[in-house]
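For reference, the structure discussed in these notes is given below.
The values are calculated or read from the model by the stated rules, or taken from the named source; none is laboratory data. Small disclaimer: the values here were computed from a predicted structure and weren't measured. Neighbour counts are summed over all protein chains in view; Cβ atoms, including those assigned to glycine, are modelled from backbone coordinates with ideal geometry. Each accessible area value is taken on the protein alone, full model and side chains, heavy atoms only, with ligands, DNA and RNA left out. Shrake-Rupley method; radii C 1.70, N 1.55, O 1.52, S 1.80 Å.
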Amino acid sequence: MSEESLQELVEIAKTARLHSIAPFSNFLVGAAVRTEAGKIYTGCNVESASYGLTVCGERVAIWKALSEGERDFAELAIVADTESLTPPCGTCRQIIWEFAKHAKIILGNLKGETQECSIKELLPLAFDARFLSGAQKD
Ligand code: THU
């Protein structure tokens, strides 16, 4: 994927961030996932007054895409307003590993700084369904 189209995905995530509902943390996160076929789904974090029910922007984008039948993802952009680029939280890493393993991850901030990484770097020694088949059955 060209540098230009990665930048375009970051811009789309940046716009999605503006839909964030984050009255408790005031920490706005936008995400955009692009399928192998080129379709883009966006997400933002949505916070609940029952804090633990909050969902992150990355997962909203991935849930939206999966629920529309998408399965193959090429890139995922994540944008927050931080100096050090915000990486996905642990829960999102697990979901990215399971559903968007091959996606190139692009972290971005509002200054236009970006950094690429992969879920293999962010979540080494990941748990997934492979281990379930080896589970002991009592
Ligand atoms: N948040 C995300 O949306 N993505 C992450 O990967 C990190 C955290 C959100 C959750 C919560 O609404 C706020 O940021 C502060 O944790």
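Summary of values
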read-out: Single residue of the range 36-46 satisfying the filter (open to solvent by less than 80 Å² (accessible area, probe 1.4 Å) and under 16 Å from the mean Cα position of the chain (by Cα)) that is farthest from the ligand (Cβ to nearest atom); value: Ile40
read-out: Selected residue [closer than 12 Å to Val10 by Cα and polar (S, T, N, Q)] from Thr42, Thr82, Thr35; value: Thr42
read-out: Enumeration of residues in the range 65-89 that are open to solvent by 40 Å² or more (accessible area, probe 1.4 Å), farther than 11 Å from Thr35 by Cβ and out of contact with any Leu (no Cβ under 7 Å at 6 or more places or on another chain); value: Ser67, Glu83, Ser84, Cys89
read-out: Identity of the residue in the range 83-95, within 19 Å of Val55 (Cα to Cα) and polar (S, T, N, Q), that ends up nearest to the ligand (Cβ to nearest atom); value: Thr86
read-out: The range 18-35, subset within 9 Å of the ligand (Cβ to nearest atom) and touching a strand residue (DSSP E or B) at 6+ places or on another chain (Cβ under 6 Å), residue most open to solvent (accessible area, probe 1.4 Å); value: Ile21
read-out: Those residues of the range 56-74 which are within 16 Å of the ligand (Cβ to nearest atom) and in contact with a helix residue (DSSP H, G or I) (Cβ under 8 Å, 6 or more places away or on another chain), in sequence order; value: Cys56, Gly57, Glu58, Arg59, Ala61, Ile62
read-out: First in the range 80-107 and touching a residue at least 60 places away in the same chain (Cβ under 8 Å), second anywhere and surrounded by fewer than 14 Cβ atoms within 10 Å (Cβ to Cβ) and of a type in the set (Phe, Trp, Tyr), Cβ under 6 Å, 6 or more apart; value: none
